[in-house]
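What follows draws every value from the coordinates through simple rules; no lab data is involved. None of these values were measured; they are calculated from a predicted model. Quick reminder, even Gly has a Cβ in these numbers, built from the backbone with ideal geometry, and neighbours come from all protein chains shown.
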Amino acid sequence: MAPSSIIQIAYILFCIATITFNTIGTVEYMTWSKAFVVPLAVLLYLQHSTWRITYLKASIFLCCFLGDTYRLIMPYNYETGQVICFLTAYLLLLYYLFPEFIRDNIRQKNHIFIVAATIICLTALAYFILNLNFEKLETNYYILLFYSLILALLICVSVVEYNRKPDAVSVNLLMLTMFFVFSDCFYIINKFYLPFSVLNFIQITTQVFSYYFLIHLFLDQKRLEKPLDND
């Protein structure tokens, strides 16, 4: 069996293990299992990229890994650390995307209007969500507000890119951001309003499998020879 196939199978198995442990409420086993998901995703990416990775991509993966394992570092009061880790990953992903995004869309006025409309709608949605009563909330409100705005901007970029050119890169980007949104939304609903197992299942499933689309976003972009890296 090829090494890439072994790594891919291991990635899927650890994703399934993480989902299973999370669903049955075994938090400690879930956290340790999830700690292997991003490293296996990185190995899978390296297998298909001749073992080369830029500092920017490595930093995105590192921030995601820290976000997934922060609970092991700080068993108590870990929520803020997780949010900051994933916020940094989103910011780095935006930094990765923006040069190409601006170059392709700045001359098309209709795309500018789409961007503006999307940002306004998503900002209003984020403001509405953040004004809900979160009694168990540990993270600072303004950090969450900034987090929501950055995620909204990522969604905006993915929607405009898919509308402009629905190729493999834009499809993976759109799926990636949708999985980010589903994971965060179902986490909020499950923790603060409706603690159902099915919501918990959807939240963890979209989180661990979002890395699949992140890998293929980088790989497909490279195959299409549209360098977005700031090397």
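So, by mean Cβ neighbours within 10 angstrom, what's the order for 204-210, 142-148 with the highest one leading?
Working: 204-210: 21.9, 142-148: 15.7.
Per-residue Cβ counts within 10 Å, averaged per peptide and sorted highest first, yield 204-210, 142-148.
For A168 and Y95, calculate 0.36 nm times their separation in residues minus their Cα-Cα distance, and state this gained length in nm to one decimal.
On the way: separation 73, 0.36 × 73 = 26.28 nm, distance 2.00 nm.
Extra length from A168 to Y95 when fully extended: 24.3 nm.
Local charge sum around F209 (other residues, Cβ-Cβ under 15 Å, Lys/Arg +1, Asp/Glu -1)?
Working: positive: K34; negative: D68, D184.
Net charge in that neighbourhood comes out at -1.
What number does the range 7-88 give for Rg over Rh if you use C-alpha atoms and the Kirkwood radius?
Reported Rg/Rh, Kirkwood definition of Rh: 1.01.
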